[in-house]
Amino acid sequence: MKKTIFISILAGLAVMSASCGITEVSSSETSSSAEGATAAEEESAAEISTEEEATAEPTTVLQETTAEPTEESTEGATAEITESPQVSIVPFDGSWEVDGISNEYIFETAVGNFNYADLQGNCLASVAEDGRAYALAYAGGAAGSAYYDLYISADKGDTWTNCGPVREANGETLRFCLEDGSMVVFYWKTAGCEAYPKAFSYRLSGDGLARTDNETIFDGIVFDDGSSPSAEGDYGFTAEYIGDNIFDVFMCDNENFCSFYGHIEIDPVTLAVKSITSLQ
């Protein structure tokens, strides 16, 4: 298991306070001597009035400039996370980022603590089409089910939000991350007693996952003896993702000693099979 990286980031809060005084100007009663006020007194009163106006104006300007940078920074963040995903399908190379997502955050799971690279390496984390990262942290299993906590990050992995549980059937699984940010899962030997794999895919949608199922994804396979998979059979299965929505698949019939080896191309959105190519 990869070494867990624990990094705590402490942020300090700076408090800035400022105080301002208000100068009140009072005038004496009107008298005949007022007409004899000196020019110096008039200038002094004018200066006090000017100071009061100057005191008020910067307050207005400060409020305006405080709001504007906040709006601009929000726009900048939105533009940054709406880039097309660049999902890696190669093993983790030990860098501090994978697909532009930081590895500093540690996910606590039922089987240990892991960072983004650990989960992505097991096809449990990816980058969605809108640029947000998402990850599935294993939370345990019960009564034929496996549960995961869905985490989503909109800031390149600096912070993550737990968006609730995701349930899957317990059984054999093979998981793959596609370049468009979706996940494809082949599953069999669950409580449904599948003789050979079915499939579903995940896509990030809002604050959750949209799931698409294809229970007949391998029904079109033809073994080397001309037979097809049967729900009553006993099959071995393995697959690898080679890119461009194409899987390298091997399935064997353990009872009749026949097999299929070839490529299956899928539509990543609908999970429909586009082509099956035998390589035997």
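See the values below:
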item: Region 110-146, subset of a type in the set (S, T, Y) and part of a strand (DSSP E or B), residue farthest from Y187 (Cα to Cα); result: Y134
item: Residues of region 212-264 classified as among the β-branched types (V, I, T), in contact (Cβ under 8 Å) with a residue 40 or more places away in the chain and over 25 Å from A169 (Cα atoms), total; result: 1
item: Criterion violated by Y147 - all others in (1) under 28 Å from G192 (Cα atoms); (2) under 14 Å from the mean Cα position of the chain (by Cα) satisfied; result: (2)
item: Strands (runs of 3 or more DSSP E) contained entirely in region 175-252, each with at least 2 residues that are exposed (fewer than 13 other Cβ atoms within 10 Å of the Cβ); result: 208-214, 235-243
item: Residue within region 77-84 that is among the small types (G, A, S), modelled with pLDDT under 95 and closer than 26 Å to E240 by Cα present; result: yes
item: Residues (surrounded by fewer than 16 Cβ atoms within 10 Å (Cβ to Cβ) and in a strand (DSSP E or B)) located in region 154-174; result: T161, N162, G164, P165, R167, E172
item: In region 198-236, the residues that are over 30 Å from D130 (Cα atoms) and not small (G, A, S); result: F218, D219, I221, V222, F223, D224, D225, P229, E232, D234, Y235
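The values are calculated or read from the model by the stated rules, or taken from the named source; none is laboratory data. Bear in mind the structure is a predicted one, so any value in this text is a computation, not a measurement. Cβ: placed from backbone, ideal geometry, glycine included. Neighbour counts: every protein chain shown.
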